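A quick write-up on the structure given underneath.
The values are calculated or read from the model by the stated rules, or taken from the named source; none is laboratory data. Just so it is clear, the model here is predicted, and its values are computed rather than measured. Every residue, glycine as well, gets a Cβ built from its backbone with ideal geometry; the counts of neighbours run over all protein chains shown.
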Amino acid sequence: MPLEGVDSKLASLDNQQPTWSVYLIRTVSNTLYCGVTTDVQRRYTEHQSGKKGAKYLKGKGPLTLAWHEEVGDKRFAMQIEYRIKQLPKIKKEAIITQHLNVKMLLP
């Protein structure tokens, strides 16, 4: 295969980057956990099973997926996750009820 063909295949692989999502999970005690993933349903199932989930959520079930939104690339998702984690709970609740747009959290 000529080098031009290899370059075009690599370029097409770059365009197939996964879409990242930010999510909020509510625990039985009504606390909220924020995370990022490329597959919200898979990650939520992992949290529920307790095997690959976050240590914070172990023993705090049943869990509820309160909110999630696709935001783009991993870097952007992690920036939004960081900003959400800095918010007071009332603003996290506003995200869940769609009264606060998470993309507005970044400059």
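Here are some notes:
- Condition met for residue 102 (touching a residue at least 60 places away in the same chain (Cβ under 8 Å) and not small (Gly, Ala, Ser)): yes
- Residue ID - farthest from residue 79 (Cα to Cα), chosen from residues in segment 13-42 that are at pLDDT below 95 and not in a loop (DSSP other than H, G, I, E, B): 13
- Residue 8 meets each of the listed conditions (1) assigned to a loop (DSSP other than H, G, I, E, B); (2) modelled with pLDDT under 90 apart from (1).
- Residues that are in contact (Cβ under 8 Å) with a residue 40 or more places away in the chain, farther than 21 Å from residue 16 by Cβ and among the hydrophobic types (A, V, I, L, M, F, W, C), drawn from segment 29-80: 32, 34, 65, 66, 67, 80
- Residues of segment 48-99 that are surrounded by fewer than 17 Cβ atoms within 10 Å (Cβ to Cβ), in a loop (DSSP other than H, G, I, E, B) and of a type outside the set (Asp, Glu): 50, 51, 52, 54, 58, 59, 61, 62, 88, 97, 98, 99.
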